[in-house]
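One structure is given here, and the rest of the page talks about it.
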Amino acid sequence: MTTVVIAIVGHSGSGKTILIEKLLPVLNKAGLRIATIKHTHHHVALDSSGKDSWRHKQAGAAASMLLTPVGMQLVTDAIEYSQLEQLAQRYFFDMDLVLAEGFSQAKCAKIEVLRKACCTAPRCAVDDGLIAMVTDVQTIAMHLPHFSLDDVAGIARFVTDTFALERSEA
């Protein structure tokens with residue numbers, strides 16, 4: 001089974017993170033196992049300097065995993081797996097759905113968040129994989145399904161229906 005990947009795209013400040021935060025509990029309640037991937041152009045520290053996992057990476061490990069009683073962190077070189085679909089299939093193969101924030105250039109289904117207070121021109125088009133708009137701009141991409149910015153239940157239903165997502169078997 002292939003994990004479904006949907007990129008939540010939009011201009012900076014459009015509400016992508018807020019939409020994902022609101023969608024997660026609704027989709028979880030439907031019994032789906034969901035992972036998220038966030039894309040950033042900023043350089044951020046992925047590990048704490050001096051800690052064992054950091055030392056392992058510095059010594060040459062291609063990947064280092066930190067496992068605690070309540071979680072896991074993986075730090076790995078991503079050169080080979082820089083494409084969204086590759087990342088999702090390699091690291092989240094056991095998930096029903098991956099919601100990716102950003103990745104407007106990825107070759108996957110996209111839902112765009114567009115707020116007129118932020119910008120009135122969409123980032124993506126149907127040719128880019130755009131399947132729906134979450135917007136307060138009614139005259140944009142009228143041939144696509146439109147959802148209001150607060151219609152989280154409708155967006156979740158659209159996602160589960162479009163990709164035939166059903167509750168995972170334990």
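The values are calculated or read from the model by the stated rules, or taken from the named source; none is laboratory data. Since we're looking at a predicted model, the values are computed, not measured. Cβ coordinates were reconstructed from backbone atoms using ideal geometry, including for glycine residues, and neighbour counts include every protein chain displayed.
Here is how the numbers come out for the structure above:
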item: Val9 vs. criteria modelled with pLDDT of 95 or more, farther than 15 Å from Thr162 by Cβ and not polar (S, T, N, Q); result: yes
item: Qualifying residue in region 71-81 (condition: surrounded by 12 or more Cβ atoms within 10 Å (Cβ to Cβ), more than 11 Å from the chain's Cα centre (by Cα) and modelled with pLDDT of 85 or more); result: no
item: Conditions (1) assigned to a helix (DSSP H, G or I); (2) at pLDDT below 85; number of the one not met by His56; result: (2)
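This table checks each residue for (1) within 16 Å of Asp150 (Cα to Cα); (2) surrounded by 14 or more Cβ atoms within 10 Å (Cβ to Cβ).
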| position | (1), (2) |
| --- | --- |
| Val9 | no, yes |
| Ile20 | yes, yes |
| Ser49 | no, no |
| Gly60 | no, no |
